[in-house]
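Asker: Starting off with a structure, shown below.
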């Protein structure tokens, strides 16, 4: 059965991805759920929850709220918070509950704006898709809504899109900035140690570096809107020495590609595979999008790999693999920082 | 954001339960998932949430039928060795709108059984808000699974949407975990203790007291090593219910198995503990003499107070106690409770009123209020009790008091004050 997981546990979902992008933006984020989804986000998928404060709340829906479609109650609760804070915007993040009852999130967005006077973005996540889908949606909506003004380009300023803990395993931007500081004077990681103001000033960037596929759609928007060029890459991956032969890398695509470059310089032959977005324009022939557990076991069985780089959670699917396994944490899979 | 909202015990008691301030009524504001209370906010998050509780039956496995987001944090349980017992049937967007996945569940059960080299005692089918809204008939689904696989299936309802209902998720799951018990001959000298998923602390006085009353076998699900021991729970003459969330399970056992039950409450006031034992004795027709245990516990508290003084506490709700009853007890033992982080309900408002009489200035906060984002710890606190209170008062002496060895009776008092004594000594050594 395609949807039956016998060895893995679920990966970070789209609502977690959306929240991850919004986390440091300074707005009020409401997860439209009964409490469980917010618990998953705050207690598991958002490692910054224990380090950095964010106005991230659960709508606290109850069965009758859902059955009767009490959207006005939610807007009232949200307005109550906006009266008590100086947040510049509000965001509503969808979950399975609004998806089942077909909540009109667009209408909720308009109702919130009318009631609070604040800009609002509602993201139609539903908890069934993966985190990168939610991140993509959140990045795109944020830049679309708030990066409006064309400002003079500041030479030497680099904007990084995709820097979330789910993609990088980092709760701060220091490592990314350190890796890029020899070529760039100013580096801003959108949403990691930076807030909405940096999004508003996105057009000041001389260039954009997109470090995960979830950022490509937003980068294209900024290129179209301001002419800001972008490239894909991942600046902070290292490889152990002495790896040789056929190697399989399982991770988010841009991390995998960066790792491939390094391994190829050691003479390895590398295949990149992943359960997340695998964008065609960044794929090489032989790269694989994995959809189910058996896709990975079949790939391992037929690929003749000498080494696998992957999150330790995938270890349960690699029983019988006789090559070398290199743990390569991916927070969206194993939920561990590195 | 506004400062953390609180109201004094006096103010709250004067207002009455009917006029609960908005910030203390979780239906009237957004919910803050305070880092201090994540296990509270989600019925599947930490500790014995629905998922882990559903697996308390020896030899059971669980199929979580849900969108990926509902099973995401299950990886937390892998550290506790549950990896091999969890399986997931992931739902996509079409599934959750049409409910078409319901027909796939028996096939998924067959699929997971093919993966195992043993036959599980039961497959727990864990369902979420999606099924709460779709109204899935889980009894029927369980029957269909049994018909296809020959292995029993039982529902575990992880319905966050119904948390404040008469039968909330943690009540429903308790009913489910005892649902596999079947009628058999009952024995007058055997009883069950229901209420927790782990066992009472080994040193709890209830065991020798029951033994002295002629009860030779006391069973708890947390002590069952295999399915046979679990199945033997239906031999009991009566059950003692120590947590009201197990009431529905006990009622079900009474109806199906003929096992009556007696309900007690976990309390920390010595006179109330003694009174409960007296009532328990009356119910089972025996005299339960707890005077020696009471005297020893009170002596310990006196010694603690002499050693550490009349401390000022902050009391949370992520702990093995009712925050308000425990605060009342501490106040009666001569300590001061400056702050409580708790959920005020109709049931525990009685303690709020009592507390208002003896400690009117105690400040009461709600962990769920968004204003708690701006909570600043009060400098007057000497020690914190509860995982949430310890989070708020990092750096102060504190005990989480939420371990799996369940405190009860006078042993509960011992456990609390032993823990506090150790924490305060360690804090002193660090200075």
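The values are calculated or read from the model by the stated rules, or taken from the named source; none is laboratory data. These figures come from a predicted structure and were not determined experimentally. Don't worry about glycine lacking a Cβ; one is built from the backbone with ideal geometry, like all the others, and counts go over all protein chains shown.
Asker: What single numbered condition from (1) more than 12 Å from every other protein chain (Cβ to nearest Cβ); (2) modelled with pLDDT under 95 fails to hold for residue B:159?
Answerer: All conditions are met except number (1).
Asker: Just to be sure before I move on: is residue A:166 closer than 19 Å to residue A:226 by Cα and in contact (Cβ under 8 Å) with a residue 12 or more places away in the chain in the structure I sent? Please lay out each step first, then the result.
Answerer: Numbers: closer than 19 Å to residue A:226 by Cα: no; in contact (Cβ under 8 Å) with a residue 12 or more places away in the chain: yes.
So residue A:166 fails the test.
Asker: In region B:393-408, how many residues are farther than 16 Å from residue B:326 by Cα and in contact with a helix residue (DSSP H, G or I) (Cβ under 6 Å, 6 or more places away or on another chain)?
Answerer: Here the count works out to 1.
Asker: Further question on the same structure: Pairs please, first residue from region A:279-290 and under 17 Å from residue A:261 (Cα atoms), second anywhere and at pLDDT 95 or above and in a loop (DSSP other than H, G, I, E, B), Cβ atoms under 7 Å, 6+ apart in sequence or on different chains.
Answerer: Once the first residue is under 17 Å from residue A:261 (Cα atoms) and sits in region A:279-290, its partners that are at pLDDT 95 or above and in a loop (DSSP other than H, G, I, E, B) give A:287/A:278.
Yes/no per residue for (1) more than 8 Å from chain B (Cβ to nearest Cβ); (2) at pLDDT below 95; (3) more than 22 Å from residue A:163 (Cβ to Cβ):
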position: A:2; (1), (2), (3): yes, yes, yes
position: A:11; (1), (2), (3): no, no, no
position: A:17; (1), (2), (3): yes, no, no
position: A:21; (1), (2), (3): yes, no, no
position: A:26; (1), (2), (3): yes, no, no
position: A:30; (1), (2), (3): no, no, yes
position: A:35; (1), (2), (3): no, yes, yes
position: A:42; (1), (2), (3): no, yes, no
position: A:52; (1), (2), (3): yes, yes, no
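Asker: Kindly indicate the residue of region A:295-338 that is assigned to a loop (DSSP other than H, G, I, E, B) and closer than 20 Å to residue B:86 by Cα and also farthest from the other protein chains (Cβ to nearest Cβ) among those meeting that condition. Outline the logic, then answer.
Answerer: Our first condition is that a residue be assigned to a loop (DSSP other than H, G, I, E, B); within region A:295-338, this holds for A:304-306, A:311, A:318-323, A:328-330, A:335-338.
Remaining after also requiring closer than 20 Å to residue B:86 by Cα: A:311, A:318-319, A:335-336.
Numbers: A:311: 11, A:318: 14, A:319: 12, A:335: 5, A:336: 9 Å.
My answer is A:318.
Asker: Could you tell me whether residue B:229 is touching a residue at least 12 places away in the same chain (Cβ under 8 Å) and either in a loop (DSSP other than H, G, I, E, B) or under 24 Å from residue B:286 (Cα atoms) (or both)? Spell out the reasoning first.
Answerer: Values: touching a residue at least 12 places away in the same chain (Cβ under 8 Å): yes; either in a loop (DSSP other than H, G, I, E, B) or under 24 Å from residue B:286 (Cα atoms) (or both): no.
No; evaluated as a whole, the condition is false for this residue.
Asker: Here is a check on your reading of the model: is residue B:218 under 28 Å from residue B:107 (Cα atoms), away from chain A (no Cβ under 14 Å) and crowded, with 17+ Cβ neighbours inside 10 Å? Don't jump to the end; show me each part of the working.
Answerer: Working: under 28 Å from residue B:107 (Cα atoms): no; away from chain A (no Cβ under 14 Å): yes; crowded, with 17+ Cβ neighbours inside 10 Å: yes.
Considered against the rule, which asks whether it is under 28 Å from residue B:107 (Cα atoms), away from chain A (no Cβ under 14 Å) and crowded, with 17+ Cβ neighbours inside 10 Å, residue B:218 comes out as no.
Asker: Could you check region B:12-23 and list, in sequence order, the residues that are surrounded by fewer than 21 Cβ atoms within 10 Å (Cβ to Cβ) and either away from chain A (no Cβ under 13 Å) or in contact with a strand residue (DSSP E or B) (Cβ under 7 Å, 6 or more places away or on another chain) (or both)?
Answerer: Taking region B:12-23 and keeping what is surrounded by fewer than 21 Cβ atoms within 10 Å (Cβ to Cβ), we get B:13-22.
B:13, B:14, B:15, B:16, B:17, B:18, B:19, B:20, B:21, listed by residue number.
Table: residues versus (1) more than 30 Å from residue B:354 (Cβ to Cβ); (2) surrounded by fewer than 23 Cβ atoms within 10 Å (Cβ to Cβ); (3) more than 9 Å from chain A (Cβ to nearest Cβ); (4) modelled with pLDDT of 95 or more.
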{"residue": "B:8", "(1), (2), (3), (4)": "no, yes, yes, yes"}
{"residue": "B:25", "(1), (2), (3), (4)": "no, yes, yes, no"}
{"residue": "B:29", "(1), (2), (3), (4)": "no, no, no, no"}
{"residue": "B:37", "(1), (2), (3), (4)": "no, no, yes, no"}
{"residue": "B:46", "(1), (2), (3), (4)": "yes, yes, no, no"}
{"residue": "B:50", "(1), (2), (3), (4)": "yes, no, yes, no"}
{"residue": "B:63", "(1), (2), (3), (4)": "yes, no, no, yes"}
{"residue": "B:66", "(1), (2), (3), (4)": "yes, no, no, yes"}
{"residue": "B:73", "(1), (2), (3), (4)": "yes, no, no, no"}
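Asker: Sticking with this one: Just to be sure I understand the filter: pairs with C-beta atoms under 7 Å, separated by 6 or more residues or on different chains, first member in region A:145-162 and at positive phi, second member surrounded by 13 or more Cβ atoms within 10 Å (Cβ to Cβ). Which pairs pass?
Answerer: Once the first residue is at positive phi and sits in region A:145-162, its partners that are surrounded by 13 or more Cβ atoms within 10 Å (Cβ to Cβ) give A:156/A:184; A:156/A:186; A:156/A:206; A:162/A:210; A:162/A:211; A:162/A:212; A:162/A:214; A:162/A:215.
Asker: Please tell me if residue B:91 is in contact with a strand residue (DSSP E or B) (Cβ under 8 Å, 6 or more places away or on another chain) and either within 25 Å of residue B:151 (Cβ to Cβ) or modelled with pLDDT of 95 or more (or both). Outline the logic, then answer.
Answerer: Working: in contact with a strand residue (DSSP E or B) (Cβ under 8 Å, 6 or more places away or on another chain): yes; either within 25 Å of residue B:151 (Cβ to Cβ) or modelled with pLDDT of 95 or more (or both): yes.
Yes: the conditions hold for residue B:91.
Asker: Hey, another quick one. Filter region B:198-217 down to the residues that are over 18 Å from residue B:266 (Cα atoms) and outside any helix (DSSP H, G or I), then identify the one that is nearest to the chain's Cα centre (by Cα).
Answerer: Looking at the filtered set, the residue picked out is B:217.
Asker: Counting only residues that are out of contact with any strand residue (DSSP E or B) (no Cβ under 7 Å at 6 or more places or on another chain) and within 10 Å of chain B (Cβ to nearest Cβ), which one in region A:55-68 is surrounded by the most Cβ atoms within 10 Å (Cβ to Cβ)?
Answerer: Step one: filter region A:55-68 for residues out of contact with any strand residue (DSSP E or B) (no Cβ under 7 Å at 6 or more places or on another chain), giving A:61-68.
This time we only want the ones that are within 10 Å of chain B (Cβ to nearest Cβ), so: A:61-67.
On the way: A:61: 26, A:62: 21, A:63: 19, A:64: 13, A:65: 19, A:66: 20, A:67: 12.
Here the answer is A:61.
Asker: Here are A:231, A:197: which of them is out of contact with any strand residue (DSSP E or B) (no Cβ under 9 Å at 6 or more places or on another chain) and not in a loop (DSSP other than H, G, I, E, B)? Working first, answer last.
Answerer: On the way: A:231 fails: out of contact with any strand residue (DSSP E or B) (no Cβ under 9 Å at 6 or more places or on another chain).
After ruling out the rest, the residue left standing is A:197.
Asker: So is residue B:257 assigned by TED's automatic domain parsing to the domain that holds residue B:218, crowded, with 16+ Cβ neighbours inside 10 Å and touching a residue at least 40 places away in the same chain (Cβ under 8 Å) or not? Spell out how you get there, then give the answer.
Answerer: Numbers: assigned by TED's automatic domain parsing to the domain that holds residue B:218: yes; crowded, with 16+ Cβ neighbours inside 10 Å: yes; touching a residue at least 40 places away in the same chain (Cβ under 8 Å): yes.
The answer is yes for residue B:257.
Asker: Given the structure, is residue A:87 in contact (Cβ under 8 Å) with a residue 40 or more places away in the chain and within 17 Å of residue B:72 (Cβ to Cβ)?
Answerer: Numbers: in contact (Cβ under 8 Å) with a residue 40 or more places away in the chain: yes; within 17 Å of residue B:72 (Cβ to Cβ): no.
Taking the combined requirement at face value, the residue does not satisfy it.
Asker: Which one of these does residue A:80 not meet: (1) surrounded by fewer than 24 Cβ atoms within 10 Å (Cβ to Cβ); (2) under 19 Å from residue B:1 (Cβ atoms); (3) touching a helix residue (DSSP H, G or I) at 6+ places or on another chain (Cβ under 7 Å); (4) within 7 Å of chain B (Cβ to nearest Cβ)?
Answerer: For residue A:80, the exception is condition (3).
Asker: Could you go through region A:84-104 and let me know if any residue there is more than 25 Å from residue B:98 (Cα to Cα), out of contact with any strand residue (DSSP E or B) (no Cβ under 9 Å at 6 or more places or on another chain), at the interface with chain B (Cβ under 7 Å from one of its Cβ atoms) and buried (at least 21 other Cβ atoms within 10 Å of the Cβ).
Answerer: Filtering region A:84-104 down to residues more than 25 Å from residue B:98 (Cα to Cα) leaves A:84-91.
Going one step further and asking which of them are out of contact with any strand residue (DSSP E or B) (no Cβ under 9 Å at 6 or more places or on another chain), we end up with A:84, A:86, A:88.
If we keep only those that are at the interface with chain B (Cβ under 7 Å from one of its Cβ atoms) too, we end up with A:84.
Right, trim to buried (at least 21 other Cβ atoms within 10 Å of the Cβ) and you get none.
Scanning region A:84-104, I find no residue that is more than 25 Å from residue B:98 (Cα to Cα), out of contact with any strand residue (DSSP E or B) (no Cβ under 9 Å at 6 or more places or on another chain), at the interface with chain B (Cβ under 7 Å from one of its Cβ atoms) and buried (at least 21 other Cβ atoms within 10 Å of the Cβ), so the answer is no.
Asker: Being more than 21 Å from the chain's Cα centre (by Cα), under 21 Å from residue B:25 (Cα atoms) and crowded, with 21+ Cβ neighbours inside 10 Å is the filter here; which residues of region B:353-370 pass it? I'd like the intermediate steps shown before the answer.
Answerer: Taking region B:353-370 and keeping what is more than 21 Å from the chain's Cα centre (by Cα), we get B:353-364, B:369-370.
After this cut, where a residue has to be under 21 Å from residue B:25 (Cα atoms) as well, the list is B:353-356, B:360-364, B:369-370.
Within region B:353-370, B:355, B:362, B:364, B:369, B:370 meet the criteria.
Asker: Continuing with this model, one more query. Determine whether residue A:125 is in a helix (DSSP H, G or I), buried (at least 21 other Cβ atoms within 10 Å of the Cβ) and modelled with pLDDT of 95 or more.
Answerer: Working: in a helix (DSSP H, G or I): no; buried (at least 21 other Cβ atoms within 10 Å of the Cβ): yes; modelled with pLDDT of 95 or more: yes.
No, not satisfied.
Asker: Turning to a different aspect of this structure: Only one residue in B:318, B:327, B:291, B:323 is touching a helix residue (DSSP H, G or I) at 6+ places or on another chain (Cβ under 9 Å), modelled with pLDDT under 95 and outside the structural domain of residue B:200 (by TED's automatic domain parsing). Which one? Give the derivation first.
Answerer: Details: B:327 fails: modelled with pLDDT under 95; B:291 fails: modelled with pLDDT under 95; B:323 fails: modelled with pLDDT under 95.
The match here is B:318.
Asker: Which of the helices (runs of 4 or more DSSP H) found entirely inside region B:81-134 contain at least 2 residues meeting this: crowded, with 18+ Cβ neighbours inside 10 Å and more than 10 Å from chain A (Cβ to nearest Cβ)?
Answerer: Ranges flagged: B:105-115.
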